[in-house]
């Protein structure tokens, strides 16, 4: 392997290669004019069923299952492979051009919310659910929520990129980020050895962490379960399976999903009736 010598000033002169090269660029802002659709519910979600995307759809389905009728929502598909996240309407909601993005039209002035962790907190506080009210437990929950937000880029952009998506595989970055992914799993496993959930009762911290690490140990991310020996993390596996069995989690995984098994795909979601012909018996688990 030829050693790379960085230039004095980096310039962008070509795509970086790999599966997601076309969506990466060193500048922000819209590339084209495109208005976003508006549905019948106050909550308008624009997303894709990536780990960050399913955090929000899982929470919304959990809120509805818990009886919060105001959590009804319209979920519109953002196809990042086609550059939908760079449309002017989407950039108005999220200047960072990343999914998910939420627009709450329930008040006098529409409220935009971007970054998945911020959306989880916004919805949990709005409906008073899946967030502890005890100050100590709330602080613990927030610590784990922000742990996920800070840690997952090493799993996704680090391990996932170099192990699964990079155009060439090199030992150093794969070893470096495999070590970090396993360290993170060990942090979780040690905590869950004496805790059923991450912070008291089932909360948005569990939803956020599960969307990345739960799906990893269940074999749904990067085809890396064997490589990372995820089954050795027995407490994480127990926790992941328990969340995976929740009906709202299954529904949340389906929303804005244009890939994978056809029976698991629900490109748009505008009403609970959208799930009527997709019962759990027919779907099973992917």
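Nothing in this text is a laboratory measurement; each read-out follows from the coordinates by a stated rule. Worth saying up front: this structure is predicted, and the values here are computed from it rather than measured. Note that we place each Cβ from the backbone using ideal geometry, even for glycine, and neighbour counts take in every protein chain shown.
For the stretch 193-269, what's the relative contact order in percent, using C-alpha pairs closer than 8 Å and at least 6 residues apart? Before the final figure, lay out each step's value.
Numbers: 60 pairs, mean separation 14.3, N = 77.
Worked out over the stretch 193-269, it gives 19 percent.
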Q: Show that you can apply the helix-only estimate: for the chain, add -39,500 (n - 2.57) for every DSSP H stretch of four or more residues, divide by all residues, and state [θ] at 222 nm to the nearest 500.
A: -11000 deg cm²/dmol
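Distances over 24 Å make up what percent of all Cα-Cα pairs in the stretch 1-104?
Numbers: 1990 of 5356 pairs.
Here the long-distance tail beyond 24 Å is 37 percent of all Cα pairs in the stretch 1-104.
Which percent, to the nearest 5, of DSSP beta bridges fully inside the chain are antiparallel?
Values: 9 of 16 bridges.
Once the DSSP bridges in the chain are tallied, antiparallel ones form about 55 percent.
At a 10 angstrom cut-off on C-beta neighbours, averaged per residue, how do the peptides 193-204, 243-254 rank from highest to lowest? All intermediate terms of the calculation are to be shown ahead of the outcome.
On the way: 193-204: 17.9, 243-254: 19.7.
So the order, starting with the most tightly packed, is 243-254, 193-204.
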**Q.** Computed label-point distance, nm, for sites residue 34 and residue 88 using a 7 Å Cα→Cβ extension
**A.** 1.4 nm
Q.
What are the extents of the Cα atoms of the chain along their three principal axes, in Å, largest first?
A. 59, 51, 42
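Short version: what are the Cα gyration tensor semi-axes of the stretch 135-249, square root of 5 times each eigenvalue, largest first, in whole Å?
Working: eigenvalues 127, 44, 30 Å².
One finds semi-axes of 25, 15, 12 Å for the stretch 135-249.
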Q: Would you calculate the separation in nanometres between label points at residue 79 and residue 105, each defined as 7 Å from the Cα along the Cα-to-beta-carbon direction?
A: 2.3 nm
Q. How high is the relative contact order of the stretch 156-228, in percent, with contacts defined as C-alpha pairs under 8 Å that are six or more residues apart?
A. 26 percent
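At 0.36 nm per residue, and after removing the present C-alpha to C-alpha distance, how many nm does the segment from residue 274 to residue 66 gain when stretched out fully? The partial results should precede the final answer.
Numbers: separation 208, 0.36 × 208 = 74.88 nm, distance 1.85 nm.
Here the segment from residue 274 to residue 66 would lengthen by 73.0 nm.
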(Q) Between residue 234 and residue 118, how high is the FRET efficiency from 1/(1 + (r/R0)^6) when r is the Cβ-Cβ distance and R₀ = 35 Å? Nearest 0.05. (A) 0.60
Q: Specify, per residue and in Å³, the volume enclosed by the convex hull of the alpha carbon atoms belonging to the stretch 196-268.
A: 93 Å³
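Of the peptides 207-219, 167-179, how do they stack up when ordered by the mean number of other Cβ atoms within 10 Å, highest first?
207-219, 167-179
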Q: Can you tell me the relative contact order of the stretch 1-101? Whole percent, Cα pairs under 8 Å, sequence separation 6 or more.
A: 36 percent
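How far, in nm, would the chain grow between residue 23 and residue 190 when pulled straight, counting 0.36 nm per residue and subtracting the alpha carbon separation?
On the way: separation 167, 0.36 × 167 = 60.12 nm, distance 3.68 nm.
56.4 nm is the gain from fully extending residue 23 to residue 190.
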